[in-house]
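Report on one structure; see the data block that follows.
Each reported figure results from applying straightforward, stated rules to the coordinates on display, with no laboratory input. Computed from a predicted structure; not experimentally measured. For neighbour counting, all protein chains shown are included, and Cβ atoms are generated from backbone atoms with ideal geometry for every residue, glycine included.
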Amino acid sequence: MPATLRFRGEDYARKRELHVTVASKKSAFPAAAVVAAARGVAFSVVPAGTFRLARKGTRRALVELVNLSGQEDFCARLERELGLAAGDVPRLPSHVTLFTEPGGGGIGFASVDEMNALSMAIDDRADIDALLAARQASWTI
């Protein structure tokens, strides 16, 4: 990906690392339970080609939604590890932050409702094509 991107009149910087969050820090699950739940889960990430522009205060980010296989298995295992009922572990909206404001960090989404409140879908074809071109070479998951 390019180190910088000009998008809708604003400058963005490439995120240093790409990752998908499967357990929110807001949930404060014990690390040992998270590690045990993840053991043996076959995670794989497939970009969806669906982008969102997130804003939180002065922070901003360009994210791509992804299909994350293994997420449901992980969440179910974590519920069993913690003795929780099915569905008690939040299923986070699977996404990768590609770019942020220069010097910024990502904007986490603890739920689909939070994602919808903090971001908007990018649905202009020219914008989508520009983002696809910018991230094309970086997807080697």
- Message: Which of Lys56, Lys15 has the fewest other C-beta atoms within 10 Å, and how do the rest follow up to the most?
- Response: Lys56, Lys15
- Message: Can you tally the net charge around Glu79? Count Lys and Arg as +1, Asp and Glu as -1, for every other residue whose Cβ sits under 13 Å from the Cβ of Glu79.
- Response: -1
- Principal-axis tilt of helix 71-82 within the chain, Cα atoms, nearest 10 degrees: 40 degrees
- Given the options Pro93, Pro102, Pro30, which has the most mean-square fluctuation in a GNM of the chain, springs set between C-alpha atoms less than 10 angstrom apart? Pro30
- Taking N as the number of residues in the chain, what is its alpha-carbon radius of gyration divided by 2.2 N^0.38 Å? 1.11
- How much length is gained on full extension from Asp73 to Ala133, taking 0.36 nm per residue of separation minus their Cα-Cα distance? 18.4 nm
